[in-house]
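Accompanying notes for the structure given below.
The values are calculated or read from the model by the stated rules, or taken from the named source; none is laboratory data. These figures come from a predicted structure and were not determined experimentally. With ideal geometry, Cβ positions are generated from the backbone for all residues, glycine too; neighbour counts draw on all protein chains shown.
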């Protein structure tokens, strides 16, 4: 794989990003996931920091599970588009239904893993709140919350990376756990650097757009104060979420397109070898 190959993959992924049906499908999906985020954020109003932490991470992991299922349809459609075949999203959905249902369970072990980290963190919080000896535990065991929060962040990165590597395999090869494990192991062993580089390229538009949107939202809050009423605050986040997801929609489609391109380029390289 050379720079010219990456350039071709990037340009082709971008060219097939702005399909009307794709944009509508991903936008609707992100809106539904955004509703979940807003709902959890509303529940976290005036809650303790430990509860707020769970309300922040849980929607992320659920969203990744939903995107994995939707990404299967997007990648199968993209695969047909690149080959010049007519694309029928209804037919793709019918043929992919069993695979989508199986892939949706991917989020369950991730959510359970995070809940274990979160509950373990709660033990440290309780120790910190003990009278007389709480300060002692807070100092001596400070490494515990640090490692648990680091584990939560690493779990987020792992989930997004799994979305990049697993979705095209499931979409194009089916939901065979043994086949998925073998293919993924061979791919990473073949060229870890190139796989990491392709993953960074795929997620870069999303990250840059997300940074701009977050900065814009924070600047807006300084000029346009959020209501102290929980109901009004939640409604305000909902209406901000709509353009938020609209701007993120093309970057999510590009992510899946580039994931499919990366899967195919490594399949071609392996076949040549």
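Pairing each residue of region 48-59 that is touching a residue at least 12 places away in the same chain (Cβ under 8 Å) with any residue that is part of a loop (DSSP other than H, G, I, E, B), provided the two are 6+ apart or on different chains, yields C-beta distances under 6 Å for 55/44. Among the conditions (1) surrounded by 11 or more Cβ atoms within 10 Å (Cβ to Cβ); (2) part of a helix (DSSP H, G or I); (3) free of Cβ contacts under 8 Å to residues at least 12 places away in the same chain, residue 130 misses just one, which is (2). Considering only residues in region 27-55 that are over 16 Å from residue 230 (Cβ atoms) and modelled with pLDDT under 85, the one that is surrounded by the fewest Cβ atoms within 10 Å (Cβ to Cβ) turns out to be 49. Looking across region 60-86 at every residue that is farther than 27 Å from residue 36 by Cα and in contact (Cβ under 8 Å) with a residue 60 or more places away in the chain, the one that is surrounded by the most Cβ atoms within 10 Å (Cβ to Cβ) is identified as 78. Restricting region 139-195 to residues that are surrounded by fewer than 17 Cβ atoms within 10 Å (Cβ to Cβ) and part of a loop (DSSP other than H, G, I, E, B) leaves a set whose member that is modelled with the lowest pLDDT is 176. Would you mind finding the one in 260, 246 that is assigned to a helix (DSSP H, G or I), at pLDDT 90 or above, closer than 22 Å to residue 7 by Cα and out of contact with any strand residue (DSSP E or B) (no Cβ under 9 Å at 6 or more places or on another chain)? After applying the criteria, what remains is 260. The set of residues from region 114-135 being more than 13 Å from residue 54 (Cβ to Cβ) and touching a helix residue (DSSP H, G or I) at 6+ places or on another chain (Cβ under 7 Å) comprises 124, 127, 128, 130, 134. A single member of 116, 160, 200, 180 is in contact (Cβ under 8 Å) with a residue 24 or more places away in the chain and within 24 Å of the chain's Cα centre (by Cα), and it is 160.
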